[in-house]
Amino acid sequence: MGKRLVRTAAALAGTIALIVSLAGTATAATPGDGVCDEGEFCLYWGQDQSGALADFTATVADYGDTAPDCQTFTGPGPGLGACVKNNATSAWNRSTTHTVTVHFDADNQGAADTVASGQKVDLAKTWLENASHEFTANPAPQPTR
């Protein structure tokens, strides 16, 4: 009976270790995979976050003009494979730590649409006229008195 108890305890310990390791594994944002993951900023080919998308985790100073040297829409739907520049119509900011500003011109210049954390928008000032975006850290919460 002693050996059986030792094997059962070892099996239980292995199962617990597996559960703990899986519980600590979060789905990581993977920019460019065509999925708008938590932590990413996503631009969409269509309005209301429809069509193919481009997903980012950092500032991009110039989307690029032509393939293969441009940021492209991935994921399913209309717009798949098209360059992002001057083709995005909506956005979703799934970053919890950054506000993202989409700019009309490269190098984060010109007219802009600002997208707060968690916000879904149809672009207004940069609708079909976008060339870059910029991540800006959200301000730290101020203590209440």
- Note on the structure: Counted neighbours (other Cβ, 10 Å), sorted fewest up, put ASP33, ASP113, ASP69, ASP105 in the order ASP69, ASP33, ASP105, ASP113
- Item | Linear extension gain, LYS120 paired with ALA28, 0.36 nm per residue minus alpha-carbon span | 31.1 nm
- Task: Taking the Cβ of each residue in SER117, SER90 as the centre, tally the other Cβ atoms inside 10 Å and list the residues starting with the fewest.
- Result: SER117, SER90
- Task: For every other residue with a beta carbon closer than 13 angstrom to the beta carbon of THR126, add +1 if it is Lys or Arg and -1 if Asp or Glu, then tell me the sum.
- Result: -3
- Message: Please arrange LEU53, LEU80 by how many other C-beta atoms lie within 10 Å of their C-beta, fewest to most.
- Response: LEU80, LEU53
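Only the coordinates and a few stated rules stand behind these numbers; no lab work does. No experiment lies behind these values; they were computed from the predicted model shown. Backbone-built Cβ (ideal geometry, glycine too); neighbour counts: all protein chains shown.
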